[in-house]
1. What does the convex hull of the Cα atoms of region 100-200 come to per residue, in Å³, rounded to a whole number?
2. Based on the Kirkwood radius over alpha-carbon pairs, what is the Stokes-Einstein translational diffusion coefficient of region 31-128 at 10 °C with 1.306 mPa s viscosity, in µm²/s?
3. Which whole-number value in Å² is the accessible area per residue of the chain, probe 1.4 Å?
4. Please state the charge dipole magnitude for the chain, taken about the Cα centre, from unit charges on C-beta atoms (+1 on K and R, -1 on D and E), reported in debye and rounded to the nearest 20.
5. Find, among the chymotrypsin sites (Phe, Trp or Tyr not before Pro) in region 54-93, those assigned to loop by DSSP (not H, G, I, E, B) with at most 16 other beta-carbon atoms within 10 angstrom.
6. For a Förster distance of 22 Å, can you work out the FRET efficiency between the beta-carbons of His195 and Trp64, rounded to the nearest 0.05?
7. Could you run the Karplus curve 6.51 cos²θ - 1.76 cosθ + 1.60 with θ = phi - 60° over region 93-98 and give me ³J(HN,Hα) per residue in whole Hz, x for Gly and Pro?
8. For region 35-46, take each phi angle, set θ = phi - 60°, evaluate the Karplus expression 6.51 cos²θ - 1.76 cosθ + 1.60, and give the result in whole Hz per residue in order, putting x for glycine and proline.
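The values are calculated or read from the model by the stated rules, or taken from the named source; none is laboratory data. Source: prediction; values computed, not measured. Positions of Cβ are backbone-derived with ideal geometry, glycine not excepted, and every protein chain shown enters the neighbour counts. For accessibility, only protein heavy atoms count, side chains too; no ligands or nucleic acids. Shrake-Rupley method; radii C 1.70, N 1.55, O 1.52, S 1.80 Å.
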Amino acid sequence: MIACAGVVATHAAVVLFGWWQQWRLFTQPPAGFIPMAPTTAAAFLLLATALLIQTPLNSPRRRWAARGVAGLALLLAAFALAARLAGWTLDPDAAVRVTTATLGGVPLGVMSPVTAAGVLLLALALLLQSVEHPALHTTVAPIATVPALAGTVVALGYAYGTPLLYGSTTIPVALPTGLSLLLVGVAVIAIAGPHAWPRS
């Protein structure tokens, strides 16, 4: 769990630094490459932080801290998803837009609605895990399984040379984003315990 969170947090920090420094890999990526959006990196950094805070030997203070961090990730994903699906003006991607580059007519540096939905579910799972209510804990792993499976599908699509949503009007999920969904999903399933589905 700690290893998954550490890898995701490190990668997210590098992505944020790269966007801040305007690395060409992000602002003018090579053909066929979609970089992780800065808002996506921020969301995964928050999720990884919440994971690192929630240890088996956590205290009430740690639970509250994890709840707050996961809540921020949930809000970020919710606003991004609403902006993609309903055209809300409160769009976090528009607030930090750092490139006008496109790939096949799709804007780069913008969170995919698939990613936003996955982050929202992972943040919700972490929030439920931080609540001292055993009945709610039983829902944590099943909720986290959905984004983990989505990340697996994305990664397999890249592996077989048929990336998901490429060529469509929907913003595709970057490969690092898919892997991050998978890693965080697996970590959340792990902290849910061996008696929770799908590990039971």
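1. With only Cα atoms used, region 100-200 gives 89 Å³ per residue.
2. For these conditions, the coefficient is 113 µm²/s.
3. 48
4. 260
5. Trp88
6. FRET efficiency, His195 to Trp64: 0.30.
7. 5, 5, 5, 10, 4, 10
8. Ordered by residue, 3J(HN,Hα) equals x, 5, 5, x, 5, 5, 4, 5, 5, 5, 5, 5 Hz.
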